[in-house]
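Participant: Mind looking over this structure? Questions follow.
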């Protein structure tokens, strides 16, 4: 018989590296979303951009939204810091993924932990900021846009939840966990 157990769990060296690449690319996408929310918090859209944005929703059934109503919506969101909360949470997530992904690629446990922490911040802050934006939409916008902003709450929660799940995978999977530094040594005592 061989000295190695036939059903022994072997470290998975490729899985955490693949997840690290995915998290690194995700950090760039999340950073661009954070930047967009930061710009909306600072200045909002111009009248021309609002008219283009409202063209399709206003062709739907229901009461159309005017530029003034959209301005009131933006003002309330800015006063309640909806865009700012979501922007800061997504920026923190992007930074954590940007730092954690290379560490995870080098099979460091800290990389997975930093990525999980960042994705958790993005989940909480992203849903919180999106809920504030949705509440303002209900108060000021027409039916078609209210539905759009309500979907954004669910979409942000789902995407950030998926990011959290992917970031946590190397910590939850036995083979991936064995590949991460510091090494875990399993000692089997024979009876």
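The values are calculated or read from the model by the stated rules, or taken from the named source; none is laboratory data. Keep in mind that what you see is a predicted model, and the values were worked out from it rather than measured. Cβ coordinates were reconstructed from backbone atoms using ideal geometry, including for glycine residues, and neighbour counts include every protein chain displayed.
Participant: If you scan the stretch 7-39, which residues turn out to be touching a residue at least 12 places away in the same chain (Cβ under 8 Å), surrounded by fewer than 14 Cβ atoms within 10 Å (Cβ to Cβ) and in a loop (DSSP other than H, G, I, E, B)?
Facilitator: 9, 10, 13
Conditions (1) in contact with a strand residue (DSSP E or B) (Cβ under 6 Å, 6 or more places away or on another chain); (2) surrounded by fewer than 18 Cβ atoms within 10 Å (Cβ to Cβ); (3) assigned to a loop (DSSP other than H, G, I, E, B), marked per residue:
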residue: 115; (1), (2), (3): no, no, no
residue: 126; (1), (2), (3): no, no, no
residue: 133; (1), (2), (3): no, no, no
residue: 136; (1), (2), (3): no, no, no
residue: 151; (1), (2), (3): no, yes, no
residue: 178; (1), (2), (3): no, yes, no
residue: 189; (1), (2), (3): no, yes, yes
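Participant: Hey, another quick one. Identify, by number, the condition in (1) modelled with pLDDT under 90; (2) surrounded by fewer than 21 Cβ atoms within 10 Å (Cβ to Cβ); (3) over 21 Å from residue 97 (Cα atoms) that residue 141 doesn't meet.
Facilitator: For residue 141, the exception is condition (2).
Participant: Among the residues of the stretch 62-81 satisfying the criterion of being assigned to a loop (DSSP other than H, G, I, E, B) and at pLDDT 90 or above, which is nearest to residue 135 (Cα to Cα)?
Facilitator: Of everything passing the filter in the stretch 62-81, 80 is nearest to residue 135 (Cα to Cα).
Participant: Any residue that is assigned to a helix (DSSP H, G or I), surrounded by 15 or more Cβ atoms within 10 Å (Cβ to Cβ) and modelled with pLDDT under 90 - is there at least one of those in the stretch 40-51?
Facilitator: Scanning the stretch 40-51 turns up at least one residue that is assigned to a helix (DSSP H, G or I), surrounded by 15 or more Cβ atoms within 10 Å (Cβ to Cβ) and modelled with pLDDT under 90.
Participant: If you take the residues of the stretch 165-176 that are within 23 Å of residue 121 (Cα to Cα) and loosely packed, with under 15 Cβ neighbours inside 10 Å, which of them is modelled with the highest pLDDT?
Facilitator: 165
Participant: Which ones in the stretch 51-71 are under 14 Å from residue 137 (Cα atoms), touching a residue at least 40 places away in the same chain (Cβ under 8 Å) and over 30 Å from the mean Cα position of the chain (by Cα)?
Facilitator: Across the stretch 51-71, the qualifying residues are 63, 64.
Participant: With the requirement that a residue be under 16 Å from residue 171 (Cβ atoms) and touching a residue at least 60 places away in the same chain (Cβ under 8 Å), what does the stretch 110-124 give you?
Facilitator: Listed by number, the residues that qualify are 111, 112, 115.
Participant: Then there's this: Picking from 90, 107, 145, which residue would you name as being touching a residue at least 12 places away in the same chain (Cβ under 8 Å) and in contact with a strand residue (DSSP E or B) (Cβ under 7 Å, 6 or more places away or on another chain)?
Facilitator: Values: 90 fails: in contact with a strand residue (DSSP E or B) (Cβ under 7 Å, 6 or more places away or on another chain); 145 fails: in contact with a strand residue (DSSP E or B) (Cβ under 7 Å, 6 or more places away or on another chain).
From the options 90, 107, 145, the qualifying one is 107.
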